[in-house]
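No value in this document is a laboratory result; all are computed from the given coordinates. Owing to the predicted nature of the structure, the values given are computational and were not obtained by experimental measurement. When we count neighbours, we look across all protein chains shown, and the Cβ atoms used for this are built from the backbone with ideal geometry, even at glycine.
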Amino acid sequence: MEITWYGQTCFRLSERGLATVVTDPYPPDIGLILPRIRADVVSVSYDDPQCRYTSGVRGPFKLLGGPGEYEIGGVFITGIATFADGKRGALRGLNTVFTFDFSGLTVCHLGRLGHVPTQSQVENLGTVNILLVPVGGGGSLTPARASEVISLFEPSIVIPMHYKVRGLKAGLGTLGRFLKEMGLEKVDRQDTLKISRTSLPEETQVVVLKPRQRNGG
């Protein structure tokens, strides 16, 4: 499968012969320009204009905006309710964590998660091969909490998201702080991640993606 990051919590997940998923499409007023990407499924983890700019995505697509179990175009999807802050939703409300099972390769998108999930929540999501985790704070996970969450899931691959990138207006922490928390000095940045079940690493590996913008940056 192929995973492309567009900045913030927006990704495209695609696998030949299966539905293409786009997560949390954002509007141009955040300072980043989202290309006109096509999707069969659009998931919205957090009910905020910055995560549900669906007019920026070409369809037709199925919109998923909350918990549930779905099977669309050969992709099995599970959404569970969590909170977008560390105060049980008192500050920023609810967040939906989604897992996407592409023929046995499972991607978990934590959205704007703001707390360490419970053991039962982790178990409800099952085995996670690839974890998309917010690391820049701003109400969502801080680098320290992100590290704690990663240790709960024990994924093969971690892809950080929702951190400071060039052009973004939101005040978020840097990628460097997260890498330091993970004991990493530097990680090579990739344009996209192409991965299969047979190529998953045995030890947890952090993969940093370049945010793809309309101008190709």
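For this structure, a couple of remarks:
- Index of the failed condition, residue 122 passing every other in (1) touching a Leu at 6+ places or on another chain (Cβ under 6 Å); (2) assigned to a strand (DSSP E or B): (2)
- Count - residues of the stretch 88-103 that are closer than 24 Å to residue 3 by Cα and within 18 Å of the chain's Cα centre (by Cα): 8
- Taking the stretch 201-217 as the range and being out of contact with any Gly (no Cβ under 9 Å at 6 or more places or on another chain) and in a loop (DSSP other than H, G, I, E, B) as the test, the residues that pass are 201, 202, 203, 204, 207, 214, 215, 216.
- Top-ranked residue in the stretch 134-156 [being in a strand (DSSP E or B) and buried (at least 20 other Cβ atoms within 10 Å of the Cβ); ranked as farthest from the chain's Cα centre (by Cα)]: 140
- Here the stretch 163-179 is the region considered, the condition is being touching a Leu at 6+ places or on another chain (Cβ under 6 Å) and free of Cβ contacts under 8 Å to residues at least 60 places away in the same chain, and the residue that is surrounded by the fewest Cβ atoms within 10 Å (Cβ to Cβ) is 164.
- When residues of the stretch 105-119 are limited to those that are under 12 Å from the mean Cα position of the chain (by Cα) and outside any strand (DSSP E or B), the one nearest to residue 10 (Cα to Cα): 111
- Evaluated against (1) in a helix (DSSP H, G or I); (2) among the hydroxyl-bearing types (Ser, Thr, Tyr); (3) under 17 Å from residue 7 (Cα atoms), residue 198 falls short on exactly one condition, (3).
- In the stretch 185-200, the qualifying residues are those that are closer than 17 Å to residue 156 by Cβ, surrounded by 11 or more Cβ atoms within 10 Å (Cβ to Cβ) and free of Cβ contacts under 8 Å to residues at least 24 places away in the same chain, and the one that is farthest from the chain's Cα centre (by Cα) is 187.
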